[in-house]
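Notes follow the structure.
The values are calculated or read from the model by the stated rules, or taken from the named source; none is laboratory data. Just so it is clear, the structure is predicted and the values come from calculations on it, not from any experiment. As a convention, Cβ positions derive from the backbone with ideal geometry for all residues, glycine included, and neighbour counts pool all protein chains shown. Side chains are part of the model used for accessible areas, which takes the heavy atoms of the whole protein and leaves out ligands, DNA and RNA. Shrake-Rupley method; radii C 1.70, N 1.55, O 1.52, S 1.80 Å.
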Amino acid sequence: MTGWYVAILLLVGLVGLHLWWLLRYRALALGQAAVATKAPGMTDVFANMPEGVLLTSPDGLIEFANPAFCRLFGLADDPTGRTVMEAIRIHQANELVGRLRGESSVVQEEFTLPGLDQRFLQVNGVALREKQGRHRGAILVFHDLTRLKRLENMRQEFVANVSHELRTPLSIIKGYVETLLDAEPDAATTAHRFLKKIENHSDRLAYLIEDILTLSTLESGGTGLDLREVNLRQLADGVLDGLREMADKKKVQLENNIPEALTLRADSQRLFQALNNLVENGIKYGGECVRISASQADGELDLCVADDGPGIPAEACDRIFERFFRVDKARSREMGGTGLGLSIVKHITQLHGGTARVESTLGQGATFHLTFPTAEVEAA
Ligand code: ADP
């Protein structure tokens, strides 16, 4: 009987102990959760960030804005509770907050703040979602790019100024050399040979200056693209006509295999320049024939320039579009190359939203592909 009595007492004790642990565990867990929400220190982190941070509610109202955000937009009081439009009066930012509702990844945009001291901002925004996928608002981080943009503009202006300054004396030197060469009938004399060398080198400098200027304009996006429907076969015919004399001298055959009616929405001058650089390279470094072709499939248009020359080593194929990269420096110089031609091709293609690549097997020629999206080409 006493045994039973002790067993019941033990059981009651154990159940009590279990309940006590359960309650204590819950209290601990709740306590930790409270600490986690109360003191994550996130507002302190945001407060000290140099970037502007904005947190919005599901209905687009500002839930939190850090001091950097208020400074960036010159806000005197806390914008909490207002819409983004009410607080900063910038349509693009307001639209972005609306657009983020339907986005699942980070969205990046750049915009300019109007005013006397024009400011350039980059904003990264992402929607916040609960576990069930319900929209919980958005977080936006604003970076002030004004200083970087100004430096970039200064660099571009500098390149343009230096190039213009170099151009004038160079054309004067060239003018004198040509006059002296005309007056020097004997090609065998030292003076004649020296003059010829000066002429070659001033030509090279002139090409270099032109290419640096072109690249700088393309990189700055200075001239927008003049997009029109371009007939590719006609464009290629124009390129081949301009290079026929050079090809004849080197006994290189030129072929245009582009279908008659194929068109691309593009800037014809820029595309002409890209195609011209590729065909010229095909003649300079290639073998006996350079072919232009094009095909369209699956929302893409592939414009190809192929030659049957010595080709390009595999390790150079990835680097060939870099500025000043040459497989054979001496040969490029001897051909009057600047090392910038393919960078220009790449930039022009990218401005059209496309990509440039090369396929080559040593000894079996090289094929350059410019691939453009055809569904909707927007100037990048
Ligand atoms: P470059 O002014 O030297 O021709 P590019 O940027 O046009 O400069 O070309 C870079 C290098 O790529 C060239 O120096 C050459 O070594 C190589 N290259 C370009 N096109 C061809 C080609 N069709 N066949 C073989 N090599 C080529």
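Does segment 271-285 contain any residue that is away from the ligand (no atom under 13 Å from the Cβ) and over 25 Å from K249 (Cβ atoms)?
Within segment 271-285, one or more residues are away from the ligand (no atom under 13 Å from the Cβ) and over 25 Å from K249 (Cβ atoms).
How many residues are β-branched (V, I, T) and in contact with a Leu (Cβ under 8 Å, 6 or more places away or on another chain) when one looks only at segment 215-247?
2
Quickly run through segment 93-116 and pick out the residues that are part of a loop (DSSP other than H, G, I, E, B), at pLDDT below 90 and open to solvent by 90 Å² or more (accessible area, probe 1.4 Å).
R101, S104, P114, L116
Within segment 278-299, does at least one residue satisfy the condition of being at pLDDT 95 or above, surrounded by 17 or more Cβ atoms within 10 Å (Cβ to Cβ), under 24 Å from the mean Cα position of the chain (by Cα) and closer than 25 Å to S343 by Cβ?
yes
Any idea which of L240, L213 is open to solvent by less than 40 Å² (accessible area, probe 1.4 Å), touching a Ser or Thr at 6+ places or on another chain (Cβ under 6 Å) and closer than 23 Å to L342 by Cβ?
The unique qualifying residue is L213.
List, please: which pairs have Cβ atoms under 7 Å, are six or more places apart or on different chains, and start with a residue in segment 302-322 that is free of Cβ contacts under 8 Å to residues at least 24 places away in the same chain and open to solvent by 20 Å² or more (accessible area, probe 1.4 Å) and end with one that is near the ligand (Cβ under 10 Å from one of its atoms) and outside any loop (DSSP other than H, G, I, E, B)?
Matching pairs, first to second residue: E322/S343.
Applying the selection to segment 78-92, what residues are under 16 Å from V123 (Cβ atoms), touching a helix residue (DSSP H, G or I) at 6+ places or on another chain (Cβ under 9 Å) and open to solvent by 80 Å² or more (accessible area, probe 1.4 Å)?
If the condition is that a residue be under 16 Å from V123 (Cβ atoms), touching a helix residue (DSSP H, G or I) at 6+ places or on another chain (Cβ under 9 Å) and open to solvent by 80 Å² or more (accessible area, probe 1.4 Å), then H91 is the only one that fits.
Can you work out which of the residues in segment 335-358 that are in contact with a Phe, Trp or Tyr (Cβ under 8 Å, 6 or more places away or on another chain) and open to solvent by 30 Å² or more (accessible area, probe 1.4 Å) is nearest to the ligand (Cβ to nearest atom)?
M335
Do we find a residue being at pLDDT 55 or above and either assigned to a helix (DSSP H, G or I) or loosely packed, with under 10 Cβ neighbours inside 10 Å (or both) anywhere in segment 24-32?
Applying the first criterion (at pLDDT 55 or above) to segment 24-32 yields none.
No, the conditions are met nowhere in segment 24-32.
Checking I312 against (1) within 8 Å of the ligand (Cβ to nearest atom); (2) within 21 Å of L215 (Cα to Cα); (3) of a type in the set (A, V, I, L, M, F, W, C): exactly one of these is not met. Which one?
Looking at each condition in turn, I312 falls short on (2).
Confirm whether P50 is assigned by TED's automatic domain parsing to the domain that holds G125, under 25 Å from A127 (Cα atoms) and at pLDDT below 65.
No; evaluated as a whole, the condition is false for this residue.
Quick one: F325 ticks every box in (1) surrounded by 17 or more Cβ atoms within 10 Å (Cβ to Cβ); (2) within 7 Å of the ligand (Cβ to nearest atom); (3) not acidic (D, E) bar one, so which box is it?
F325 satisfies every listed condition except (1).
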